[in-house]
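Data block below; observations after.
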Amino acid sequence: MTETAHGTHDFEDDPRNAEVIIYLNGSLLPRPQAVVSVFDAGFIFGDGVWEGLRVAGGQPLFLDAHLDRLYEGAAAIALDIGLSRERLAEAVYETLRANSMDSDGVHIRLMVTRGLRSTPYQDPRFTAGPETIVIIPEYKVPLESTLTNGISLFTVHVRRSSPDILDPKLNVHSKLNDILACIQAYTAGADEALMLDPAGFVATCNSTHFFIVRKGEVWTSSGDYCLGGITRRNVLQLCEQVGITARERNFSLVEVYSAEEAFVTGTFAGVAPVRSVDGRRIGTGRRGPMVERLQHLYAQLVGEEAASAARR
């Protein structure tokens, strides 16, 4: 029986995750003891920034780029992380060492909130304590079916917000916009949501970035209404390096439905094919040659980055 993915973040549960050690505000704690207060700004308001990091060969991949995005987001919402980049990076490595995670198959969630509130009110000036920093490592790998059979997408009515409402460049804890999109997609029978920008052009997915292949060219959105994806950027750079024409541009669903291939990118699964959008088969409905080539190129990049990080 063919295994079917239900989104790029699907994984097989690993019993070792029940015993992981979690970093919480400078302490390394067993999972059951790693808790935050009900007065934490992240819990009450979604007031915080976060990053997801993939680990290969015991090394958090593209750590500098993830920290760039984390600190830029924190600056945008006037959040003082309270640790230098170097100290926060060391905390990530400390957490990996505490769990003896020195190989592949690990995913990290790094979260920073504004910390304790003196009362459950949104004004940041009611912050009562220092920031809350949490690093959760898990044994987690994407399903093989995600990378071979691909996923289905459904275009939802929930649009990506414009920068004057909630800037989509911010990787903040408040993800309700994406959650609503995800709910509409899976209740429609799809794996993930395809989201449009305010003008009706294709923007991104609820948790990944979207690409199509047309006449040998790779297209993705303009990037104006999506997070500055690190895997997205890496794939665009790989295309440039090997001579694949890649364009960041506006395009519509008409051009999606007639594409030869489609795929999504993200930290967790890397490059994953899309077999259908809104019930319409994309290309052959199977992983195409461009996606397979980009998966191979990205796997090489991951290996090189892990080796480079180990030497640093």
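The values are calculated or read from the model by the stated rules, or taken from the named source; none is laboratory data. Being a predicted model, the structure only gives us computed values, none of them experimental. Note that each Cβ is placed from the backbone with ideal geometry, even for glycine, and that neighbours are counted across all protein chains shown.
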Members of the range 1-40 that are at pLDDT 95 or above, of a type in the set (Gly, Ala, Ser) and either farther than 13 Å from Ile136 by Cα or assigned to a loop (DSSP other than H, G, I, E, B) (or both): Gly26, Ala34, Ser37
Unmet criterion (only one of (1) more than 21 Å from Thr155 (Cβ to Cβ); (2) surrounded by 22 or more Cβ atoms within 10 Å (Cβ to Cβ); (3) more than 23 Å from the chain's Cα centre (by Cα)) for Pro289: (2)
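In the list Ser222, Ser207, Ser308, which residue meets the criterion of being assigned to a loop (DSSP other than H, G, I, E, B) and more than 14 Å from Ser152 (Cα to Cα)? Let's see the steps before the verdict.
Numbers: Ser207 fails: more than 14 Å from Ser152 (Cα to Cα); Ser308 fails: assigned to a loop (DSSP other than H, G, I, E, B).
The unique qualifying residue is Ser222.
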Test: residue in the range 141-155 that is crowded, with 19+ Cβ neighbours inside 10 Å and at positive phi: yes
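Tell me whether the range 51-58 contains one or more residues that are loosely packed, with under 14 Cβ neighbours inside 10 Å and part of a strand (DSSP E or B).
Here is the first cut: in the range 51-58, the residues loosely packed, with under 14 Cβ neighbours inside 10 Å are none.
No - not one qualifying residue is present in the range 51-58.
If you take the residues in the range 246-278 that are part of a strand (DSSP E or B) and among the basic types (Lys, Arg), which one is farthest from Val291 (Cα to Cα)?
Filtering the range 246-278 down to residues part of a strand (DSSP E or B) leaves 246-248, 261-266, 270-277.
Restricting the remaining residues to those that are among the basic types (Lys, Arg) gives 247, 275.
Numbers: Arg247: 16, Arg275: 11 Å.
Result: Arg247.
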Neighbours by Cβ (under 7 Å, 6+ apart or cross-chain): first from the range 286-299, among the basic types (Lys, Arg); second assigned to a helix (DSSP H, G or I): Arg287/Thr148
Cβ pairs under 8 Å, 6+ apart, first in the range 238-252 and crowded, with 17+ Cβ neighbours inside 10 Å and at pLDDT 95 or above, second assigned to a loop (DSSP other than H, G, I, E, B) and not hydrophobic (A, V, I, L, M, F, W, C): Cys239/Thr245; Ile244/Gly216; Phe251/Ser221
Evaluation of Ile133 against (1) in the same structural domain as Val35 (by TED's automatic domain parsing); (2) of a type outside the set (Lys, Arg); (3) within 18 Å of the chain's Cα centre (by Cα) (one fails), failing number: (3)
Test for Ser161: is it in contact (Cβ under 8 Å) with a residue 12 or more places away in the chain and under 21 Å from Thr284 (Cβ atoms): no
Qualifying residue in the range 45-56 (condition: at pLDDT 95 or above, within 22 Å of Ser84 (Cα to Cα) and among the basic types (Lys, Arg)): yes
Identity of the residue in the range 84-140, of a type in the set (Phe, Trp, Tyr) and part of a helix (DSSP H, G or I), that ends up farthest from Gln33 (Cα to Cα): Phe126
Positions within the range 141-171 being modelled with pLDDT of 95 or more, assigned to a strand (DSSP E or B) and not aliphatic (A, V, I, L, M), in sequence order: Ser152, Phe154, Thr155
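Can you tell me which residue is nearest to the chain's Cα centre (by Cα) among those in the range 227-245 that are assigned to a helix (DSSP H, G or I) and over 23 Å from Gly52 (Cα atoms)? Spell out how you get there, then give the answer.
Going through the range 227-245, the residues assigned to a helix (DSSP H, G or I) turn out to be 230-242.
Going one step further and asking which of them are over 23 Å from Gly52 (Cα atoms), we end up with 239-242.
Values: Cys239: 20, Glu240: 22, Gln241: 24, Val242: 25 Å.
For the range 227-245, the residue satisfying everything is Cys239.
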Unique match (being surrounded by fewer than 16 Cβ atoms within 10 Å (Cβ to Cβ) and modelled with pLDDT of 95 or more) among Ser258, Ser276: Ser258
